[in-house]
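All remarks here apply to the structure that follows.
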Amino acid sequence: MNTFDALQSKLDALIPMPGDLPVVYLLGDTGAGKTCFVRQLLGTTEESFPSVRRFRTTVAPTEFIITNEPNLKAAFVFKTEDEIGQLVLETLEKAVTDRVTSRGDDADIAQLADLLSESPDQRFRLRCFLDEPARLNLAKRIQEGLIPRIHSWAEAIFPNEPDISTVLELAVDDEFKADIEKLRLEIMERILVRIREVCGLSPDSRVPDHHTYSNADRHGFILKLKELLSLDEGSISPALEKARVRGNLKSPVIPNEMQLVVTDGEGIGHDAREAKILSARHFDYFYSSDAIILVEDAETPFTRGGKGALGSIETNGYLPKLSLAFSRLDRVQTEREGRQHQIREVNQSLRNVLNALNEDGVRIDRETLDVRYFARMNEAQPDAESQNELADLLQSIVERHGRVKARFVAP
């Protein structure tokens, strides 16, 4: 896997990153509303891009360089073929071991097909390359061919072994390794075929290091982006490590003269440990960005990784860069109707989490936080208050970037 600096260097060689634009990093729980936020910045809600799911959405961080350039460009860095192959293997092994240990549901082919749809941590979506009929066919072959043989082998060799995990480890890593490897190679060939189709590669090509394309037609450009970055069947997004898009993808919310960079990162929650401590993969983005926007679901605030993220941002010195954006304000239930009452309800949750952090030794004054409230961000246009809030937030980020840039003296 490439380091952050190596990835940036590869992308810079393909599509240069402007050095004079403010850079914004979007952070938040999976499904909190980060991608809806991006849609409102790009003006692509009606095109349903980027993909939105309630759970486990963005997995390949994408940098959107929003400029006034007429030509639209995109660059993608791929995972290596070995990395993709290892993710396929992990998905297969997990599906097989789960099936062996769930004897009560042996006949449920559909359940096994679901296990084959994505990796255990839900960061690699095999279902993008294998549609439902293909997964059902694969599940049936495993269920009727491989699983009975593993059962028979385990009962014959280890009839009284209480530690089934050790037996399964021996089964997948040794005794039945060749069977699983054959399945892995079949899946890898399907992945390669799809990558060749999307990228226009020759029939004998392997997984490329990178891919680029450009288009002056906005609609055609977005359709192609979907093939590479969406979460739907047929997309090759699970094979990508990072993407960069540059050009005039800009919603009416952004003033014509404003240009900026927005990174839609991988959501908190792919790693269960992030409920307490933020993963280190975010900190390179914190350091290189001018602003961090932590998107939190106003309907269920700080019930997942938001508290840990807020604490990590403060303890690592990035609080001056932070803006806290509450999404889905329109869904907050209150005794009295009205935006102000909904904001008051959300603020109570914010006070509670700040008190909890204080008890953990992390002190954050409410007055130091830049807090924003957004409603109906999933619609073609949010409500007027949210549009004004978004425009004001972006303007404050641009102005802050300008002041910092003016103070900088080259050594």
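Could you look at the chain and say what percent of its accessible area is carbon and sulfur, using a 1.4 Å probe and all protein chains?
Values: 9300 of 19160 Å².
Within the chain, the accessible surface is 49 percent carbon and sulfur.
When the solvent-accessible surface of protein heavy atoms is calculated with a 1.4 angstrom probe, in what order do L115, L185, L357 fall, highest first? If you can, show how the numbers build up before the last one.
Numbers: L115 55, L185 95, L357 10 Å².
Greatest to least solvent exposure: L185, L115, L357.
What figure in square angstrom, to the nearest 10, would you give for the accessible area of E266 with a 1.4 Å probe?
Surface open to solvent at E266 totals about 10 Å².
So what is the calculated 222 nm ellipticity per residue for the chain, using -39500 (n - 2.57) for each DSSP H run with n of 4 or more, over all residues, to the nearest 500 deg cm²/dmol? Mind dumping the intermediate values first?
On the way: 13 runs with 172 residues, N = 411.
Here the helix-only value at 222 nm equals -13500 deg cm²/dmol.
Over the C-alpha atoms of segment 119-243, what are the Rg and the largest Cα-to-Cα span, Dmax, in Å?
So, for segment 119-243, Rg and Dmax equal 19.3, 67 Å respectively.
Provide the per residue accessible area, probe 1.4 Å, for the chain, rounded to a whole number of square angstrom. Don't jump to the answer; show the numbers that get you there.
Details: 19160 Å² over 411 residues.
Ligands and nucleic acids excluded, the figure is 47 Å² per residue.
I'd like the orientation of helix 132-141 relative to the chain: the angle between its Cα long axis and the longest Cα principal axis, in ° from 0 to 90, rounded to 10.
30
Could you compute how much accessible surface F4 exposes when probed at 1.4 Å, giving the result in Å² to the nearest 10?
40
Counting only protein chains, not ligands or nucleic acids, how are V193, V332 ordered by accessible area (probe 1.4 Å), most first?
V193, V332
Per-residue accessible area for R281 at 1.4 Å probe radius, Å² rounded to 10?
About 60 Å², rounded to the nearest 10.
Compute the helix-to-body angle for 81-101: its Cα long axis versus the longest principal axis of the chain, expressed 0 to 90° and rounded to tens.
Approximately 60 degrees, to the nearest 10.
If you take all C-alpha pairs in segment 59-188, what percent of them are over 19 Å apart? Kindly include the intermediate steps, with their values, before the conclusion.
Details: 4577 of 8385 pairs.
Summing the P(r) tail past 19 Å for segment 59-188 gives 55 percent.
Need one number: the % of Cα-Cα pairs in segment 204-248 sitting beyond the 13 Å mark.
60
Compactness ratio of segment 228-322: Cα Rg over 2.2 N^0.38 Å, N = residue count?
Working: Rg = 15.6 Å, N = 95, 2.2 N^0.38 = 12.4 Å.
Working it through for segment 228-322, the quotient is 1.26.
Could you give the alpha-carbon Rg of the chain over 2.2 N^0.38 Å, rounded to two decimals? Walk me through the numbers before you get to the answer.
Values: Rg = 23.6 Å, N = 411, 2.2 N^0.38 = 21.7 Å.
Scaled against compact globular proteins, the figure is 1.09.
What pairs in K79/K307; K140/K242; K140/K177; K10/K224; K94/K182; K250/K307 have C-alpha atoms more than 23 Å from each other?
Working: K79/K307 31 Å; K140/K242 34 Å; K140/K177 19 Å; K10/K224 21 Å; K94/K182 16 Å; K250/K307 32 Å.
Over 23 Å Cα-Cα: K79/K307; K140/K242; K250/K307.
Can you tell me the 0 to 90 degree angle between the C-alpha axis of helix 384-407 and the longest principal axis of the chain, rounded to 10?
Taking the Cα atoms of the chain, the angle to 384-407 is about 80 degrees.
The values are calculated or read from the model by the stated rules, or taken from the named source; none is laboratory data. It should be emphasised that the depicted structure is a prediction, and the values quoted were computed from it without experimental measurement. Note: accessible area is taken over every heavy atom of the protein model, side chains too, but ligands, DNA and RNA are not part of it. Shrake-Rupley method; radii C 1.70, N 1.55, O 1.52, S 1.80 Å.
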